[in-house]
1. Which of the residues that make up region 133-145 are in contact (Cβ under 8 Å) with a residue 24 or more places away in the chain and within 15 Å of S178 (Cα to Cα)?
2. Only residues in region 155-174 that are farther than 19 Å from S189 by Cβ count as the first member; pair them with residues that are polar (S, T, N, Q) and in a helix (DSSP H, G or I), Cβ under 8 angstrom, at least 6 apart or cross-chain, and list the lot.
3. Could you say which residue among L269, L217 is in the same structural domain as G312 (by TED's automatic domain parsing), surrounded by fewer than 23 Cβ atoms within 10 Å (Cβ to Cβ) and of a type in the set (A, V, I, L, M, F, W, C)?
4. Are any of the residues in region 231-248 closer than 29 Å to K350 by Cβ, part of a loop (DSSP other than H, G, I, E, B), out of contact with any Leu (no Cβ under 7 Å at 6 or more places or on another chain) and among the hydrophobic types (A, V, I, L, M, F, W, C)?
5. Quick one: how many residues across region 138-177 are modelled with pLDDT of 95 or more and out of contact with any Gly (no Cβ under 9 Å at 6 or more places or on another chain)?
6. For region 302-358, how many residues are outside any helix (DSSP H, G or I), among the basic types (K, R) and without any contact (Cβ under 8 Å) to a residue 40 or more places away in the chain?
7. Being of a type in the set (S, T, N, Q) and out of contact with any Asp or Glu (no Cβ under 9 Å at 6 or more places or on another chain) is the filter here; which residues of region 219-239 pass it?
8. Among the numbered conditions (1) within 23 Å of S305 (Cα to Cα); (2) modelled with pLDDT of 95 or more; (3) β-branched (V, I, T); (4) surrounded by fewer than 21 Cβ atoms within 10 Å (Cβ to Cβ), tell me where V80 comes up short.
Amino acid sequence: MRIRDTLNTPLLRRKKLRGLILTCAAVVATCSFLSILSPDSVPASVRRLSVFEPKLVLVMRPLPPVPTWTLPGGVDFPLVSSNTASLSAEQTEAMVIKSLSLEITAVDFHLGGTEREGVTAVLRRIPRKDLFLVTKIDKPPEDMTDPEAAAKFVETTVNKEWKALDVETVDVLLLKDSPSCEVMQAQWSVLERLLSEGKTRAIGTYNYCRPSLECILETAETPPSLNYVMRHVGMGPDATDLIQYQESLGIRTVSYGTLGEPVALPELLTDPVLREIAEDHGRSVEEVALRWNVQAGYGVSSRPSADYNPEGMACPGGEEGDCDVALMGMRAVFGWELNRRDVARLDGIKYEEYLQSPTYYSSTGCPDSFGVVEHPSESACRSMDPVWCSTSSIDLKNMEVEKVNAEKVDGMDVEKDDGKSTDDEKSTDEEKSNDVDSLPLRLLHYL
């Protein structure tokens, strides 16, 4: 028999075909495996094939811990916070518990309303040390122009609210601005005293433009550790040079409104550049907008939902909603990066429809504040379908990823709060404490 005939026998042909099939299967399996562990390693042209159609996948992939800054006094400040802005008490509580299960320990909340009620409910269920509290003193009433009265306003607020929270101290206390320099100086002096008394571990400002910062620095003995400003794609990296100014003074920048304010801007959510970059990285537009801020070196205080407007915010999923999808994206933001071309393209985007100032929610003492510029009012979730308007269908706490005690919620010991407590029911931090570091889930990854 000739060699050519030998190579063409049915047996060898079947072996060659089987080898080809196995090779193809191995290629597909490898690409699928890489798309789970590292979506960026799969070319966009391959990822767009239907076999790699994006979907939510649960993977046991450890993420790096949430980074921190060390503020004066040795305070470790987490670089991502869950912002409760205008959530109901019930959703604030559910959202904070979900945040903690994902190792987001910092919560940024307002005093004197439903947000504080929700945080108080959480503090009844967990050790105080497990929650990093960031809150702010609201602006004094418009007719309060007397510096002494404004200083008293701060003292009264802290005495009342700390008692309601049942805490001795918060981790960061921020001061909102006023059109009056004398009022801001008097209030800042009170914050400095609260810092020395241990009522707060760090102090900062919220929506302070350059003139406002210059005002309090004239008399301050302790400068702000932080200044919170709005920063989102479409504003430019630092259009007013405020960030450069405050960073030069050692005042760190924390950005809020990464999707825009007072609604998640449709212009941002539908931006073709953002969408292309999101697709290339296997991420949502919201995650790209968040990563743009983090990668620039700033902390973020992020709304965990795209469903908000001037009337309030809601977690998707109704009363039981806990903003899980957005929170998972927030936690995953430290596990991937934009490339230099991505950053340059995002830096160059400029939106013109609505004027958005870095100190958007400042008083009229700063330029282009919310009260004097036009703004949208309809939640993006009413007319669009952003990812952060959805809720996960996965019941995380019932998944058999590890053995989890049935009395734990997402890997944490919690106590159901019925709003009542007795001395016998109260326990010390040590009695309630649980090793939160050994959480059953290290994160959901969006593909």
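1. Result: K136, I137, D138, K139, P140, M144, T145.
2. Close Cβ pairs (under 8 Å, with a partner that is polar (S, T, N, Q) and in a helix (DSSP H, G or I)) amount to A164/T120; L165/T120; D166/T120.
3. Numbers: L269 fails: surrounded by fewer than 23 Cβ atoms within 10 Å (Cβ to Cβ).
Selected residue: L217, the only one of L269, L217 that is in the same structural domain as G312 (by TED's automatic domain parsing), surrounded by fewer than 23 Cβ atoms within 10 Å (Cβ to Cβ) and of a type in the set (A, V, I, L, M, F, W, C).
4. yes
5. 21
6. Of the residues in that region, 0 qualify.
7. Hits for region 219-239 are T219, S225, N227.
8. So V80 meets the others, but not (4).
The values are calculated or read from the model by the stated rules, or taken from the named source; none is laboratory data. Predicted model only: the values in this text are computed from it and were never measured. In this analysis, Cβ positions are derived from the backbone assuming ideal geometry, glycine residues included, and neighbour counts consider all displayed protein chains.
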